[in-house]
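**Student:** Have a look at the structure that comes next, please.
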Amino acid sequence: MAAMKAGATDGSARRSSTGGRRASNARADAQRNRAAILQATVGALRKDPDASVAQIAAEAGVGRMTLYGHFRTRPELIEAALVDSLDRGDAVLEDVNLDGDARQAFSRLIASSWMLVDQSRALLATAQKELSPARIRELHQKAEARVRGLLERGQREGAFRTDLPVSWLLATTHVVMHGAADEIAAGRLATEDAPHVIDATLQAAFTRPTQS
């Protein structure tokens, strides 16, 4: 009798172990599919800003039902892709050295930020159609806080002008960077020239005027 109970217990343990592995494998598959879908969203929108859910699913190598299992609507997918892109970008910007001269640090931050904007500008353009301006601003809060902190330090140290509020300097930075993206799309600006053009424009606008 005891042997029978032991055998039953061993069998239950094996079934439990097998079930656990299957659940773990299913979760891993789901995570891989989700990551593939988010990456494919960026690529598909770069090729076609109006890419459908079916096109994005094909780009990711999954079926539409699999995609809909993760994201119920196209706007939900676009928002998730933007969040993922911003998270990846934040990891890159965390490594930018913001110490030392504020103007030089600002140039380094702009160069790295532009690289990220350039990579995801098609995604952002689509997000601006699908999401509210307030939601897009909310998603950019962390990245904006990094720029704000540097501008505030530059003002305290006399590197940046103080006759304009930081909120205006931030808005100007946003407009100039996305204006560069528009100029590239229109064929009036080369991608490799954008970092210099952006930095030169903002440095000239933000530098504290010399006293006469």
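**Student:** Is there any pair linking a residue in the range 122-139 that is on the phi > 0 side of the Ramachandran plot and open to solvent by less than 60 Å² (accessible area, probe 1.4 Å) to one that is acidic (D, E) and part of a helix (DSSP H, G or I), with Cβ under 6 Å and at least six apart or on different chains, and which?
**Tutor:** none
**Student:** State which residue is nearest to V117 (Cα to Cα) when the search covers only the range 49-67 and only residues that are surrounded by fewer than 16 Cβ atoms within 10 Å (Cβ to Cβ) and out of contact with any helix residue (DSSP H, G or I) (no Cβ under 7 Å at 6 or more places or on another chain).
**Tutor:** Going through the qualifying residues, I end up with D50.
**Student:** A follow-up question, please. S85: closer than 22 Å to I37 by Cβ and among the hydroxyl-bearing types (S, T, Y), yes or no?
**Tutor:** Here the answer is yes, as S85 does meet what is asked.
**Student:** Of these, R121, R72, R34, R88, which one is more than 13 Å from the chain's Cα centre (by Cα), not small (G, A, S) and not in a loop (DSSP other than H, G, I, E, B)?
**Tutor:** Just a single option satisfies the conditions, and that option is R34.
**Student:** Scanning the range 132-163 for residues that are more than 15 Å from the chain's Cα centre (by Cα) and in a loop (DSSP other than H, G, I, E, B), which turns out modelled with the lowest pLDDT?
**Tutor:** Across the range 132-163, the extreme among qualifying residues is S132.
**Student:** Quick one: in the range 103-118, of everything that is open to solvent by 70 Å² or more (accessible area, probe 1.4 Å) and more than 13 Å from the chain's Cα centre (by Cα), which residue is nearest to D84 (Cα to Cα)?
**Tutor:** R108
**Student:** If you don't mind, another one. With the checklist (1) out of contact with any Asp or Glu (no Cβ under 6 Å at 6 or more places or on another chain); (2) more than 30 Å from Q39 (Cα to Cα) in hand, flag the one item A102 doesn't pass.
**Tutor:** For A102, the exception is condition (1).
**Student:** Inspect all residues belonging to the range 91-102 and state whether any of them is open to solvent by less than 50 Å² (accessible area, probe 1.4 Å), over 22 Å from L131 (Cβ atoms) and part of a helix (DSSP H, G or I).
**Tutor:** yes
The values are calculated or read from the model by the stated rules, or taken from the named source; none is laboratory data. Worth saying up front: this structure is predicted, and the values here are computed from it rather than measured. Using ideal geometry, Cβ is built from the backbone for each residue, glycine included, and neighbour counts are taken over all protein chains shown. Calculation scope for accessible area: heavy atoms of the full protein, side chains included, ligands and nucleic acids excluded. Shrake-Rupley method; radii C 1.70, N 1.55, O 1.52, S 1.80 Å.
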